[in-house]
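Just below is one structure, and these are the notes that go with it.
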Amino acid sequence: MRLHEINLAFLPSIINYDSVEFVSGYSSDGQYIRANITLSGPAKLSSDSNGGFSGSVEFYARELIVGNALSTPLVALKFYVVNFEFVSQLKWRLGVYDVAVKRHDKYQEAEEEMRATKRPKMTAELTITSPTAYIANEYEAERVVHDLCALLSLAKGCQIQWLYWDAYTSDEVRIKTYHWNGIISQYGSLQIIVKMPPEDINNFVQQTFEPYRKVNERAIWKFNKAIAHYASTVSREGFLELRAIDLVVLVDYLTQHYAASENTTHFIQPSSLDAKRSVVQKLIGCALESHFSAKDLVKNELSTAKKGAMRVIVSDMTNMIDCLNRRSFPSSLRRLLKHLNLKIDEAEVKMFVAIRNKLIHDSNFLKQDDFPEGTLYESPWRQFLRILSLTSRIMLGILQYRGYYYDWGRFEKAEWAGAETGRVRMPYVGSNEQPL
């Protein structure tokens, strides 16, 4: 926005780049404008022979209000969205609002560029209206779009985000614009809710919107950030090992926080163990000294002749009692999978854990010699898809999703997204217990 005139009292703040929260004035066509400032550019000033000043300055505005926008009822908010690849128009009732999504005017060009360059492009226009005709709370409508974009990011495997919105009156006059500093990552194509058939993405959002909000309210996880982590990891390029590590760390996060919420992280409550710690440590120390010789205990030390080496080693081992009291990752993972009623073969869990351990400890995928006898070697890419497959199902299971998804664990080299072998229904086992 360029202001038509500048108040002289405001001039020092511009010249010294002090913090400016908002600025108001009149545009070159005579409209009153108030802008909440994000960033200001350099001032262009000039003086006349009488010592007067005039000039202009460019601002990047987070919020722009035009004319009598503060008192005029709003009937629609139009959000502009990047990275969302889709086929047909979509409509949902989310919360108390009606949401309609259509392609941006330059969708085809944007989609082609996204696929070629991975750079985020504006693809969609998302319009929110209310059955009561007027939008009473624009910030609640904005929250709906934040939540919708999070779900779309999970579905599409890349960060889908809105950049700004325009507000319209009943006469379709735009009277307000709001920009924000949304985080945008590159476009990615490892989708778990594919675009064909279009009903899949429609059903996914309709099924998961309210469960997503409930999951965030329960605060077992910061699930909105978990989705952001998932989307940015899946969409980015770089070392396949590091992407896989970020996914298994996400599963660790989901698993351990669920265990903490159920008080199943430890076998014995830490407070109870602390009360008897010294007694238990003494018993363990005595057992070690009675079953192992001094030579056995110190043979892996650099200096076996060091006085008191055996006592130090026994002490170090007994101090590991907290680790003994903590449930293993595989045990906690199985508990989470059982709670979510996910139908997953035990062999898949064991393979996931084996790949996860190799990644965490060696920053590598399994080598040929690491595979159990009688099983076929899988390439790093195939192992990554295994990690992606189970991680995706856990995320969808937390949201109680019961529809079709794309299972990358079934991916074949010559297969295209949406082929029947990969598009399958979420696998659950029969149980009365409801997922989170």
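The values are calculated or read from the model by the stated rules, or taken from the named source; none is laboratory data. This structure is a prediction, so every number in the text was calculated from the model and none was measured. Methodologically, a virtual Cβ is constructed for each residue, glycine included, from the backbone with ideal geometry; neighbour enumeration extends over all protein chains shown.
Between 260, 287, which is aliphatic (A, V, I, L, M), within 30 Å of residue 402 (Cα to Cα) and out of contact with any helix residue (DSSP H, G or I) (no Cβ under 6 Å at 6 or more places or on another chain)?
Only one candidate qualifies: 260.
Please verify whether residue 110 is in a helix (DSSP H, G or I) and outside the structural domain of residue 408 (by TED's automatic domain parsing), treating the condition exactly as stated.
Judged against the criteria, residue 110 is a match.
Within the stretch 263-276, track down each residue that is in contact with a helix residue (DSSP H, G or I) (Cβ under 9 Å, 6 or more places away or on another chain) and modelled with pLDDT under 80.
Correct list: 265, 266, 267, 270, 273.
Please go through (1) surrounded by fewer than 19 Cβ atoms within 10 Å (Cβ to Cβ); (2) in contact with a Gly (Cβ under 7 Å, 6 or more places away or on another chain) for residue 157 and return the number of the only condition it doesn't satisfy.
(1)
Which of (1) more than 19 Å from residue 336 (Cβ to Cβ); (2) out of contact with any Lys or Arg (no Cβ under 9 Å at 6 or more places or on another chain); (3) not assigned by TED's automatic domain parsing to the domain that holds residue 155 is the odd one out, the single condition residue 222 does not satisfy?
Among (1) more than 19 Å from residue 336 (Cβ to Cβ); (2) out of contact with any Lys or Arg (no Cβ under 9 Å at 6 or more places or on another chain); (3) not assigned by TED's automatic domain parsing to the domain that holds residue 155, residue 222 violates only (1).
Among the residues of the stretch 130-149, are any assigned to a strand (DSSP E or B) and outside the structural domain of residue 33 (by TED's automatic domain parsing)?
No: zero hits.
What single numbered condition from (1) in the same structural domain as residue 252 (by TED's automatic domain parsing); (2) modelled with pLDDT under 95; (3) within 27 Å of residue 224 (Cα to Cα) fails to hold for residue 399?
It fails just one condition, (2).
Report, by residue number, each residue of the stretch 414-436 that is more than 22 Å from residue 85 (Cβ to Cβ), surrounded by fewer than 17 Cβ atoms within 10 Å (Cβ to Cβ) and modelled with pLDDT under 55.
Listed by number, the residues that qualify are 431, 432, 433, 434.
Could you count how many residues in the stretch 327-375 are within 26 Å of the chain's Cα centre (by Cα), hydrophobic (A, V, I, L, M, F, W, C) and in a helix (DSSP H, G or I)?
12
Only residues that are crowded, with 20+ Cβ neighbours inside 10 Å and in contact with a Phe, Trp or Tyr (Cβ under 6 Å, 6 or more places away or on another chain): list them for the stretch 201-234, please.
205, 208, 215, listed by residue number.
Given the criteria out of contact with any Cys (no Cβ under 8 Å at 6 or more places or on another chain) and free of Cβ contacts under 8 Å to residues at least 60 places away in the same chain, does residue 283 qualify?
For residue 283, the condition - out of contact with any Cys (no Cβ under 8 Å at 6 or more places or on another chain) and free of Cβ contacts under 8 Å to residues at least 60 places away in the same chain - is met.
Residue-wise test of (1) more than 30 Å from residue 291 (Cβ to Cβ); (2) modelled with pLDDT of 95 or more.
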| site | (1), (2) |
| --- | --- |
| 313 | no, no |
| 327 | no, no |
| 337 | yes, yes |
| 356 | yes, yes |
| 362 | yes, no |
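When you scan the stretch 341-359, do you find a residue that is more than 30 Å from residue 200 (Cβ to Cβ), touching a residue at least 40 places away in the same chain (Cβ under 8 Å) and surrounded by 14 or more Cβ atoms within 10 Å (Cβ to Cβ), even just one?
For the stretch 341-359, residues more than 30 Å from residue 200 (Cβ to Cβ), touching a residue at least 40 places away in the same chain (Cβ under 8 Å) and surrounded by 14 or more Cβ atoms within 10 Å (Cβ to Cβ): present.
Within the bounds of the stretch 148-162, is there any residue that is over 16 Å from the mean Cα position of the chain (by Cα), in contact (Cβ under 8 Å) with a residue 60 or more places away in the chain and more than 20 Å from residue 95 (Cα to Cα)?
Looking for residues that are over 16 Å from the mean Cα position of the chain (by Cα), in contact (Cβ under 8 Å) with a residue 60 or more places away in the chain and more than 20 Å from residue 95 (Cα to Cα), one finds none in the stretch 148-162, hence no.
Evaluate the following for residue 194: is it assigned to a helix (DSSP H, G or I), crowded, with 19+ Cβ neighbours inside 10 Å, touching a residue at least 40 places away in the same chain (Cβ under 8 Å) and not charged (D, E, K, R)?
no
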